[in-house]
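Below is one structure; the comments refer to it alone.
The values are calculated or read from the model by the stated rules, or taken from the named source; none is laboratory data. None of the values given here were measured: they were computed from a predicted structure. A quick note on method: Cβ atoms are made from the backbone with ideal geometry, for glycine too, and the neighbour counts reach across all protein chains shown. Quick note on the areas: whole protein, heavy atoms, side chains included, nothing else; ligands and nucleic acids left out. Shrake-Rupley method; radii C 1.70, N 1.55, O 1.52, S 1.80 Å.
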Amino acid sequence: MKISVKAPAKINLSLDVLHKREDNYHEVKMVMTTVDLADRINLTLRNDNVIKIDSTSGFIPNDRRNLAYQAAELLQERFHIKKGVSIHIEKNIPVAAGLAGGSSDAAATLKGLNQLWGLGLSFDELAALGAEIGSDVSFCVYGGTALATGRGEIIKHIPSPPSCWIILAKPSTGVSTAEVYRRLKLEDIVHPNVEKMVEAMHTKDYKLMCSELGNVLENVTLSLYPEVEQIKRQMEQLGADGVLMSGSGPTVFGITKYETRMRRIYNGLRGFCNQVYTVRLLGESEG
Ligand code: ATP
């Protein structure tokens, strides 16, 4: 018995950090939305209780450190499952890019194993389990568009953004999320207006969405990797209506309504950035 599940990447339209909590996590407030750049998780039932993992990428671990493995192990232990699974990841989302590739693989594994092992769990139950693996996993269980608070695991579904094209450009460097948070100086933050971004989703106001883009982690990553700043400038010069770094970076995304402009930005960036993608937004949440 086999199951195949799509694991889409996400971008942050707005990302604010409010304060550091006593448990050492940062309290965040973010608007996240899924895009149609996705990994594929293929799950094959095993009659022994072994979890096996492999992938098409040489950049992710094929063992316990893989978040998809952790998702399977968590379900196995929590629900005393005697069956196993072979997990094969077709990796299309750039790794350590600010696109939540690992979190989305974990979320897709939770959803797939819920079926394969016949667990009958709801999306809310899967999202709560996901939060034990990583802060972005809960959002990835539902996908769509959401306001995420707490350490990122408290999800409020909101309407999807107005229709547009997104160009993603990933500089050659990978970024450690933990390192970026470590370097963040809370006292220097200029906070984005996350509520305005939520309003832009409700009213489907394209202009407002572009003008309210904001990410407090951007300056930290820009100071570490000047290449990210160059890509931002380039996207602006090529005519994107809004440009922002996603998550802890280093992926930068640009927004445009027009296919012709999307092509111009895409072609202009390909010259000096070898990972460039054009994607659409995926719309409403599941579950
Ligand atoms: P986020 O936006 O949630 O911070 P990210 O896009 O910056 O995530 P990921 O691609 O999820 O980063 O990878 C971060 C690290 O997690 C990598 O260094 C990688 O070794 C590890 N990892 C574990 N499992 C996976 C997986 N299935 N896919 C990608 N990375 C994984």
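Numbers below:
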{"quantity": "Residues of the stretch 1-24 that turn out to be surrounded by 11 or more Cβ atoms within 10 Å (Cβ to Cβ), assigned to a strand (DSSP E or B) and away from the ligand (no atom under 15 Å from the Cβ), as a count", "calculated": "6"}
{"quantity": "Boolean, THR34 is open to solvent by less than 30 Å² (accessible area, probe 1.4 Å) and either part of a loop (DSSP other than H, G, I, E, B) or among the hydroxyl-bearing types (Ser, Thr, Tyr) (or both)", "calculated": "yes"}
{"quantity": "From the options ASP54, ASP63, ASP136, residue that is among the charged types (D, E, K, R), within 12 Å of the ligand (Cβ to nearest atom) and crowded, with 21+ Cβ neighbours inside 10 Å", "calculated": "ASP136"}
{"quantity": "Residues of the stretch 163-202 that turn out to be open to solvent by less than 90 Å² (accessible area, probe 1.4 Å), part of a helix (DSSP H, G or I) and not β-branched (Val, Ile, Thr), as a count", "calculated": "9"}
{"quantity": "Candidates THR256, THR251, THR260, THR278, filtered to the one that is at pLDDT 95 or above and within 16 Å of the ligand (Cβ to nearest atom)", "calculated": "THR251"}
{"quantity": "Residues being buried (at least 20 other Cβ atoms within 10 Å of the Cβ) and assigned to a helix (DSSP H, G or I) - total across the stretch 203-231", "calculated": "7"}
